[in-house]
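Step one of this worksheet: look at the structure below.
The values are calculated or read from the model by the stated rules, or taken from the named source; none is laboratory data. Just so you know, these numbers come straight off a predicted model, no measurement behind them. Positions of Cβ are generated from backbone atoms using ideal geometry, with glycine treated the same way; all protein chains shown enter the neighbour counts.
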Amino acid sequence: MTDKENQVKQILSRALRLEITEITDEIKMSERPEWDSLSHMEVIVALEEEFNTSFSLDEIVEMNSVSRIIGALKEKNCLED
Amino acid sequence: MGGLYTRFLRVVEENGDKIAVAHESGDTSYSKIFSIALKISGFLNCECTIGHPVALLHDKSAESYAFMLAAIFQGIPYSCVDIKNPPKRLGSIFSTLSNDFVVGPEVWREEFNNKGLNETVKFFSIEEISRGKNFEISSRHVSENTVAYIMFTSGSTGNPKGVAISHKNLIRFIDWISGDFQLGPNKRLLNVNPMYFDNSVFDFFGTFFTGATLIPVDSDLLHDFKKLQLTILEKKPTFWFSVPSTLIYLQRMKVLNEKSLESFEYVMFGGEGYHESELKKLDQILSTKCSLVNVYGPTECTCICSAKFLDRAKLYALKGLPSLGRLLPGFDGKIVGMGGQEMISGEVGELVLFGPNIGVGYFNDSQRTESSFINAKSETPEERGYKTGDLVRLDPSSGEYYFIGRADNQIKHMGYRIELEEIELALCSCASIVEAAVIYEKKSETAGEIISFVSSEAEKDLSLIRKQIENILPSYMLPRRFIWKHELPKNSNGKIDRKKLREEIQG
């Protein structure tokens, strides 16, 4: 895992109030009660600030799992060192 | 202008073919909604007595709005209740209303029955009672002092209190808002506010008693971002009213942008403060023709009692929270100190409101009515007052009020009015808890967290406690964090030291 991917997991851990070890690639919004619509807003805002980017409505709706979040950031070239 | 029934009749006469409710499932005209309300009136006439309230589990269907109208026609107070309330809280609400039936959509029958209240409270489906025979409304006189609705809000004694608002209160309210906000035919209000929440009073009365169109947004639609944006783009609402939290949330999720907000003539917010940093972001995506309005008012004073039309050109200079504006004509405000003495102009004190929009009191609760209302039973409207608990400052030069804070432990969380004591009492009712304290910690200017501290035998009790209070409190009142302590810190009076707990969090 790269440093930037680790940064993503730290953001999720803070927003969802879960230990960083619990943030695995398999975590999905629909399966975790902690990941409600308000936490999702926290995640999106924190990612936008951290990576100095902006997501569209379509992207925000799609970013409903850890792997999809990483995918969306890769597409925006936010995870390149 | 006549009573509420006469006023609605006039709206139907003038706007019969116009759309009253633009629901995603289809449009309902004013003539149609009137005919549904007449059928429901027949049901209410059989089942209810005047002055005796009815409870409605509102699903934002045309039939549910028609139910509210029918209750108004018949002089029967209605109370919109959230089905998501845990059984104990629902039970407490039904017991205050002392009613033995509830009306809701058929799809909620099972959910309601699963709450275990169906032995004392019978469920009628709104679809069924909307299909009854047409009922002829006689010249049944509804006194202006009749209670129109009862709105439940958090109570510090652990039980929610039901604010009762009369027909007279509402007539004054409608006269004010229809003029100042130019409500009427061809205006379209987006009904984002939940119907069990005070802000919805503006949406409902501002629509149906002016001939405007209501566009319902239920909780599913509110969180279905793409569909919500599409609804806004298609239906082109002209009026937005919600708590700031909802606007901030939907702006951050990109549902609200320059395009989706293009049709709005008014964006109005209230129920909590809208911090300048966020307000400036909203201003950037509003069209130049749109008015931005901050409103203020406790549930006890018929939804809102002051408005400030913000000067958008000068918004850049705004610091902190915008002004609450001036009180509407007919209201009188006094600012009093801790001992009840009136404060010198410009000083901070509790706002006490007087005037004809002050509600009737808390339903079936004379004790709490007497402690919060002044001359509650007076026949002279000007003498009747309500102690808001809000600490404000009046700017003597402009006559505008500024919100400073609260005199008690009431908070606004995501727009919901919550007494922290209600959460503490819920925690203390869990078997294993020795003591509990709840604080509200602002994480930023726009978001906060409810944090609970509990002491019990062992830390492992926490998971059970979490589960137990989910059965007592609605979801917006549930603490985000639970911190276990062997014993809670005390101050020199032996009381729980909340300051120390707060420092611990911040440390």
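Odds and ends about this structure:
- Among residues of region B:143-194, those that are within 29 Å of residue B:24 (Cβ to Cβ), under 18 Å from the mean Cα position of the chain (by Cα) and hydroxyl-bearing (Ser, Thr, Tyr), counted: 1
- Once region B:12-27 is narrowed to residues that are at pLDDT 95 or above and among the acidic types (Asp, Glu), the residue that is nearest to residue B:229 (Cα to Cα) is B:27.
- Contact map, region A:33-48: first residue facing chain B (nearest Cβ under 7 Å), second residue surrounded by 18 or more Cβ atoms within 10 Å (Cβ to Cβ), Cβ cut-off under 6 Å, separation 6 or more or different chains; pairs are A:41/B:249; A:41/B:252; A:44/A:60; A:45/B:252.
- Of the set (1) within 14 Å of chain A (Cβ to nearest Cβ); (2) in a strand (DSSP E or B), all apply to residue B:445 but (2).
- Residue list for region B:486-495, restricted to those being surrounded by fewer than 17 Cβ atoms within 10 Å (Cβ to Cβ) and within 23 Å of residue B:419 (Cβ to Cβ): B:489, B:490, B:491, B:493, B:494, B:495
- Odd one out for residue B:127 among (1) over 29 Å from residue B:427 (Cα atoms); (2) surrounded by fewer than 23 Cβ atoms within 10 Å (Cβ to Cβ); (3) out of contact with any helix residue (DSSP H, G or I) (no Cβ under 7 Å at 6 or more places or on another chain): (3)
- The one condition in (1) part of a helix (DSSP H, G or I); (2) within 11 Å of another protein chain (Cβ to nearest Cβ); (3) of a type outside the set (Phe, Trp, Tyr) that residue B:220 fails to fulfil: (2)
- Of the residues screened, residue A:56 is one that is out of contact with any strand residue (DSSP E or B) (no Cβ under 9 Å at 6 or more places or on another chain), surrounded by fewer than 18 Cβ atoms within 10 Å (Cβ to Cβ), within 14 Å of chain B (Cβ to nearest Cβ) and among the polar types (S, T, N, Q).
Rundown of residues vs (1) surrounded by 19 or more Cβ atoms within 10 Å (Cβ to Cβ); (2) out of contact with any Cys (no Cβ under 6 Å at 6 or more places or on another chain); (3) within 14 Å of chain A (Cβ to nearest Cβ); (4) modelled with pLDDT of 90 or more, yes/no style:
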| position | (1), (2), (3), (4) |
| --- | --- |
| B:360 | yes, yes, no, yes |
| B:438 | yes, yes, no, yes |
| B:451 | yes, yes, yes, yes |
| B:456 | yes, yes, no, no |
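- Here residue B:198 meets the list (1) charged (D, E, K, R); (2) assigned to a loop (DSSP other than H, G, I, E, B); (3) farther than 20 Å from residue B:325 by Cβ almost entirely, failing just condition (3).
- The set of residues in region B:53-82 that are in contact with a His (Cβ under 9 Å, 6 or more places away or on another chain), assigned to a loop (DSSP other than H, G, I, E, B) and of a type in the set (A, V, I, L, M, F, W, C) comprises B:76, B:81.
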